[in-house]
Structures are given as C-alpha cells and as structure tokens.
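The values are calculated or read from the model by the stated rules, or taken from the named source; none is laboratory data. All values reported here derive from a predicted model rather than from experimental measurement. FYI the Cβ positions are ideal-geometry reconstructions off the backbone, even for glycines, and counts take in every protein chain you see.
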Amino acid sequence: MSAVRYDAIVVGTGPAGAVAAEALGRAGRRVLLLERERLPRPKTCGGGVTAKVGLALGVDLAPVAERTIASVELHWKLERMRTMPDGPPLVYMTQRSRFDAWLTERALATGSVELKDGVQVKSVQTDAGGVIVRSASDAWQADYLIGADGAAGFVARALGLMQERHLLPAIEQDIAVDTATLESWQTRMALDIGSLHGSYGWVFPKGDHLNVGVGCFSTRAHSARQLKDYGRRHFDHHFAHLRPEARRIVRSVGFVLPLRPPGAPIQRERALLAGDAAGLVEAFTGEGIYWAVRSGQIAAQAIVAHQQRGAVGTLDYERTIDAELMPALIDARRWAHIYLWWPRACWELPTRSPRFWSVVAKIVRGERDYTDVRRRLGWFGRAADWLPAEMD
C-alpha cells in the first residue's frame, strides 16, 4: 500500500471527476486522480457542450470548441424542417477525448493533483474514517472518495449505490463526409423529434467529421428495440443523397444515459458519486456534462467544508445535490412528459412562437432553468407539478 495518504481519491477523468479534482487542488487538498484508460481516451458522447457549462466553469470554452453553434434545424418526423432564429452561441461542439483531457490538465496544473491513468479499480473499502482503493497491483488511502467513473462505473457497484435506476438508450455514429458537406454544417446542428415515441435524433458537426445519433428518454421496452431502425432512417434522411464514399461510418456505438430516482442514495460515509455515476442527467435533452460539472464542484465544496469542521458530522454532499440540482432535473423530467404525451406541441410551439424558442434557448445557455420557467408560467407552471417525476 502506498505510504501517501490523500485528502481525496477521484475515480474517473470525465467532467465530474476532473472538475472535482481541480476544485480540491485549488483548495490545497492532495488528490489522486485514477483513470482506467490511457489519456487522452475516446468517450462515447455527442460532445455538445452547452453554453451554460462555460458559465459554470467560469471559463471560455473556445480552446476546446471545434464548432460554435447558434443555428438549429428543428425537424418533425424527418419530414418538415424549420431553421430556428439565431442568437448567441447555444452549443460548443467538441470531442470528449479533447475536452476531458483539457479539464484534467487544468486539475494537474494546480500542483496538488496526481494522475494515474491506465489503472483499473478492483475494490473499494469505506468506513467512517476514510477509504482504501485497490487496483490489481497497488492500494491507496484517502479521507474521501469521489466515484465519477460513468454510468457503467465500478465505484457505484462497489458501494452498493445506484442499483435501481432508469437507463435511457442511445446510439451514435461518427460519419466521415466530404469537405463540402462538412463545411455546410459548420455553424448549424439538426434535431429531429416526433419520429419515435419519446425519441430524438441529432446531427452535431465536429472539426473533421459529423456525430450523428438517436436517443430515447422513454423507458418503454418497445421504443428501445425500435431505436436502431429509427437510427437508420435518421441517417438516410440526412445522408442517403451522398455518394457512399462521401458518407462513411467510421464508428458506431450504443450507450445508456442513467437517471437517478428521486431520493436514491449517492453517498455512503465518506464516499460519494458524481456525474453520470450518480444518474445526474437531464432527461429532456440527454445533457449530462453541465450536471457533471456542477456535481463535481459540489463534491469538492462538501469535502472542503467537512474537513474544515474537523470531519465532524455528515458530509453534506447528497443533501446539497438534492437541494441545488435535483429540483431542476426533476422539472426537466416533468417537461419531458409533454413531449411523451403531446409531441406535436414540442414542434408547433417553438416553430410558431419566437418567444417560446427564446425561452428554450435561454435554458440551453443557462440564463434560465426549468424550475425558473415553471415559476414564470404561473398557474400553468404550477400545473406541471402534477406531471410525473419519473419517466414512463
């Protein structure tokens, strides 16, 4: 076992883990950051970083942005299309290998964070005094543990947390296209709604390829089975007119987005979960990066505060997540039911009302959140409280 005892061990170098490590490092805490893969490593994700992520981080995302998107094509059942009004940037397109490595470098730059990549965690022990984390060849001790190793991560299983959760399926492909096609997508993205119950499709432009995919936030089994067929139709709609050599699929992968059930434990003694490992994903859009960043920040704040109290009392991480993040995430699930039950309204309202689209854009940019919108809608917003907090 290593003779060094760390203030915290963070497992996973995604946004939640890297941001938590950076915040702890800036607070002068000694942090061990463990990553199963060698960095930079690929990561299954659409790679659309919303403008509100930059606000949460307090940084300019330009260093890792391959495309800056202000224009959205909104499609209805792959038949009708409207280009929504432009405005300030909505989404910065990046590759997660690049984005996560950038966040990790920021953590290492604090001088208090040590990285060990290519290390697979094999066991986790926790008690009231700290944690022991073991790989196949080594072991490390720390006062706290942050499990930020994703939806299929080891830490949650080892802690017996997040065993009951909703898993939303998605499929994505990286498409190599000809130069003219790639440049035509330089500042725009496409979203399709209505084609399959509770599902959506996207086209995200990157620096040298397009990321194309479909996702589903309904938990109905038949929708998940039909997702692959929808993915083929969605791909053909956008690219069947191109010559085969001008629309080559270079990578195709399926994955799941986890949703935390309200009140589900994400903390055990001095060990906690953040980001996708904690199921902190926005059901309505499938966006998880912002919530990973915020949970990483909250995890670091909770650990520093607990240490400053002499490690007396409860680590206030889960309670803070419930107070600061879950209300908006639950409201997002309630609004998602409008799409599940009345999908046509989700096409008609933004395409017919510039004011409604402006509200949607402000949510994406972080100028408003779902809870704020609900309050502003008065009695109609209060009626949303009757919509389910779970996905059907």
Six or more apart or on different chains, Cβ under 8 Å: which pairs go from a residue in the range 97-112 that's in the same structural domain as P40 (by TED's automatic domain parsing) and within 17 Å of D149 (Cβ to Cβ) to one that's among the small types (G, A, S) and assigned to a helix (DSSP H, G or I)? Could you list them? D100/A18; L103/A18; T104/A18; T104/A21; A107/A18; A107/A21; A107/G25
Could you check, for the range 157-167, whether at least one of its residues is modelled with pLDDT under 95, in a strand (DSSP E or B) and not acidic (D, E)? yes
From the list L74, L115, L78, which one is in contact with a His (Cβ under 8 Å, 6 or more places away or on another chain), farther than 26 Å from L325 by Cα and either modelled with pLDDT of 90 or more or not in a helix (DSSP H, G or I) (or both)? L78
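Filter the range 133-148 down to the residues that are over 28 Å from the mean Cα position of the chain (by Cα) and assigned to a strand (DSSP E or B) and list them by number.
Restricting attention to the range 133-148, the residues satisfying the condition of being over 28 Å from the mean Cα position of the chain (by Cα) are 136-141.
Within the range 133-148, A139, W140, Q141 qualify.
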Quick one: in the range 291-321, which of the residues that are hydroxyl-bearing (S, T, Y) and surrounded by 24 or more Cβ atoms within 10 Å (Cβ to Cβ) is nearest to A16 (Cα to Cα)? S295
Within the range 186-214, the residues that are assigned to a strand (DSSP E or B) and either basic (K, R) or in contact with a helix residue (DSSP H, G or I) (Cβ under 8 Å, 6 or more places away or on another chain) (or both) are R188, A190, D192, I193, S199, G201, V203, P205, L210, V212, G213, V214
Answer yes if at least one residue in the range 124-132 is under 24 Å from the mean Cα position of the chain (by Cα), exposed (fewer than 15 other Cβ atoms within 10 Å of the Cβ) and part of a loop (DSSP other than H, G, I, E, B), and no otherwise. no
Residue check for R225: in contact with a helix residue (DSSP H, G or I) (Cβ under 7 Å, 6 or more places away or on another chain), of a type outside the set (A, V, I, L, M), modelled with pLDDT under 95 and not assigned by TED's automatic domain parsing to the domain that holds Q141: no
Please work out which residue is nearest to the chain's Cα centre (by Cα), limiting yourself to the range 166-187 and to residues that are charged (D, E, K, R) and surrounded by fewer than 18 Cβ atoms within 10 Å (Cβ to Cβ). E183
Exactly one condition in (1) in a helix (DSSP H, G or I); (2) surrounded by fewer than 20 Cβ atoms within 10 Å (Cβ to Cβ) is false for E367; which is it? (1)
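When you check D192 against the structure, is it in the same structural domain as P89 (by TED's automatic domain parsing), more than 18 Å from the chain's Cα centre (by Cα) and modelled with pLDDT of 95 or more, yes or no? Before the answer, list the steps.
Numbers: in the same structural domain as P89 (by TED's automatic domain parsing): yes; more than 18 Å from the chain's Cα centre (by Cα): yes; modelled with pLDDT of 95 or more: yes.
Answer is yes for this residue.
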Scan of the range 1-33 for residues that are buried (at least 24 other Cβ atoms within 10 Å of the Cβ), under 20 Å from the mean Cα position of the chain (by Cα), not β-branched (V, I, T) and not in a loop (DSSP other than H, G, I, E, B), ordered by number: P15, A16, G17, A18, A20, A21, E22, L33
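Looking for something of a type outside the set (D, E, K, R) and surrounded by fewer than 19 Cβ atoms within 10 Å (Cβ to Cβ) - is there at least one such residue anywhere in the range 264-279? Step through it out loud before you land on a result.
Filtering the range 264-279 down to residues of a type outside the set (D, E, K, R) leaves 264-267, 271-275, 277-279.
Filter once more, so that each one left must be surrounded by fewer than 19 Cβ atoms within 10 Å (Cβ to Cβ): 264-265.
Yes, some residue in the range 264-279 is of a type outside the set (D, E, K, R) and surrounded by fewer than 19 Cβ atoms within 10 Å (Cβ to Cβ).
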